[in-house]
Amino acid sequence: MKKLCVIGWPVRHSKSPILHNAMLGALGLPYEYGIVPVEPGHLEEFLAFAKENHYAGFNATMPFKEALLPFLDEIDPLAKKLGAVNTVCIKNDKLYGYNTDCPGYAAALRQEGFQIAGKTALILGAGGAAKAVALGLCQAGAKRVLLANRTAEKARQAAALCPEVCQAVSWDRQSLCSAAENAELLVNGTSLGMAGQGEFESFEFLAALPENAWVSDLIYHPAQTELLRRAAALGHRTMNGLPLLVHQGILALEHFTDTPLDPGEMVPVILNALEETP
Ligand code: NAP
């Protein structure tokens, strides 16, 4: 059996082993996927351990997505642009880094039936996930991507990733409402609404969205955030963070195993496994 794992701190809660082992089982591929908690500051030790123990690769979550970059032998151009990797393959003792959150979000939207090309999106947040989504939307042909973040400078930096399409907007209520007026897709990329985190002070921007706009939350715990509940009540089509989790995982497994996967086949396998595991 070849070894794969997810690293992070904290990481015990990660759903990656469920997701990957379900796909590997369904495909009959000889890999096992585990969890390796790595304390901040111990990344180099883990990399030596992974090479010595012949790991085929690993996924990385907080706080290693950016910290890994200097240790990689090759970085995929998209991951390099973002400055973050979530997937690392180990081949002949060399480390190859990718970011599957970025194409994963576009793949998730596509599979849910949202056509990104030519559309305008408003992203709330400018952290790691929001930046990956912004770049993913640009790559998929979005006409305009507006980014609003509590810390304005981070929204400006995120918008600079793709200045022809992205623009930073202010976080105040009035600016959010004006930006929402033309948005065909609203994405919550902040941690607001996540179990144990804070909540939006106002949802006024939802009322400003066009009637047929989609509302997407990157959060999947809880499965329906207050934002999605209110958006659905206003008649908007909603999507939580699960499709992103699923599609970034499918793309990561393609890198690990060098095997093209059919998302149509893999999505039900993963959803069943997640449903069966508390
Ligand atoms: P991050 O890099 O730490 O970014 C956090 C974001 O939330 C920043 O934009 C931050 O704004 C904002 N924020 C936090 N508290 C806030 C508050 N009280 N008011 C306004 N804004 C606030 O985290 P991340 O990795 O991007 O994750 C963001 C969310 O995406 C999390 O909920 C995470 O669970 C979710 N996520 C989902 C998936 C998936 O597979 N579905 C993958 C990755 C992440 P500032 O810059 O001003 O601090």
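The values are calculated or read from the model by the stated rules, or taken from the named source; none is laboratory data. For clarity, every value in this text was computed on a predicted model and none was experimentally measured. Here the Cβ positions follow ideal geometry from the backbone for every residue, glycine too, while neighbour counts run over all protein chains shown. We work out accessible area using only protein heavy atoms, side chains counted, and drop any ligands, DNA or RNA first. Shrake-Rupley method; radii C 1.70, N 1.55, O 1.52, S 1.80 Å.
Given the conditions (1) touching a helix residue (DSSP H, G or I) at 6+ places or on another chain (Cβ under 9 Å); (2) away from the ligand (no atom under 16 Å from the Cβ); (3) in a helix (DSSP H, G or I), which single one is not true for F49?
Here F49 clears every test but (1).
Restricting the first residue to the range 199-223 and requiring it to be closer than 21 Å to G127 by Cβ and within 9 Å of the ligand (Cβ to nearest atom), which pairs with a second residue that is part of a loop (DSSP other than H, G, I, E, B) and polar (S, T, N, Q) meet a Cβ separation below 6 Å and a spacing of at least six or different chains?
Qualifying pairs under 6 Å: D217/T225; D217/N240; I219/T225; Y220/N240.
Yes/no per residue for (1) more than 23 Å from I18 (Cα to Cα); (2) open to solvent by less than 50 Å² (accessible area, probe 1.4 Å); (3) of a type outside the set (F, W, Y); (4) in contact with a Cys (Cβ under 8 Å, 6 or more places away or on another chain):
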| position | (1), (2), (3), (4) |
| --- | --- |
| D172 | yes, no, yes, no |
| S175 | yes, yes, yes, no |
| L244 | no, yes, yes, no |
| T259 | no, yes, yes, no |
| E265 | no, no, yes, no |
| I270 | no, yes, yes, no |
| P278 | no, no, yes, no |
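Go through the range 148-170 and count every residue that is crowded, with 23+ Cβ neighbours inside 10 Å and either part of a helix (DSSP H, G or I) or small (G, A, S) (or both).
Here the count works out to 3.
Taking helices (runs of 4 or more DSSP H) that fall entirely within the range 191-270, which contain at least 1 residues that are under 30 Å from M1 (Cβ atoms)?
242-257
In the range 204-222, what residues are among the small types (G, A, S) and either open to solvent by 80 Å² or more (accessible area, probe 1.4 Å) or closer than 16 Å to R110 by Cα (or both)?
A207, A213, S216 - these are the residues of the range 204-222 that are among the small types (G, A, S) and either open to solvent by 80 Å² or more (accessible area, probe 1.4 Å) or closer than 16 Å to R110 by Cα (or both).
Output the residues belonging to the range 175-193 that are in contact with a strand residue (DSSP E or B) (Cβ under 9 Å, 6 or more places away or on another chain) and either within 15 Å of the ligand (Cβ to nearest atom) or free of Cβ contacts under 8 Å to residues at least 40 places away in the same chain (or both).
Passing the criteria: S175, L176, S178, L186, V187, N188, G189, T190, L192, G193.
For the range 102-133, how many residues meet the condition of being crowded, with 19+ Cβ neighbours inside 10 Å, among the small types (G, A, S) and closer than 13 Å to T190 by Cβ?
5
Quick one: R144 ticks every box in (1) under 20 Å from P63 (Cα atoms); (2) open to solvent by 30 Å² or more (accessible area, probe 1.4 Å) except a single one, so which number is it?
(1)
Just checking, does the range 88-99 include any residue being among the acidic types (D, E), in contact (Cβ under 8 Å) with a residue 24 or more places away in the chain and crowded, with 21+ Cβ neighbours inside 10 Å?
Checking the range 88-99: not a single residue is among the acidic types (D, E), in contact (Cβ under 8 Å) with a residue 24 or more places away in the chain and crowded, with 21+ Cβ neighbours inside 10 Å.
May I ask you to say which residue of V145, V133 is away from the ligand (no atom under 12 Å from the Cβ), aliphatic (A, V, I, L, M) and outside any loop (DSSP other than H, G, I, E, B)?
Checking each option against the conditions leaves just V145.
For the range 86-130, how many residues are closer than 18 Å to V246 by Cα and either among the aliphatic types (A, V, I, L, M) or assigned to a strand (DSSP E or B) (or both)?
9
If a residue must be closer than 25 Å to H13 by Cα and open to solvent by 60 Å² or more (accessible area, probe 1.4 Å), how many such residues does the range 66-85 contain?
1
Among the numbered criteria (1) open to solvent by less than 70 Å² (accessible area, probe 1.4 Å); (2) touching a strand residue (DSSP E or B) at 6+ places or on another chain (Cβ under 6 Å); (3) more than 30 Å from K154 (Cβ to Cβ), which one does V11 miss?
If we test V11 against (1) open to solvent by less than 70 Å² (accessible area, probe 1.4 Å); (2) touching a strand residue (DSSP E or B) at 6+ places or on another chain (Cβ under 6 Å); (3) more than 30 Å from K154 (Cβ to Cβ), just (3) comes out false.
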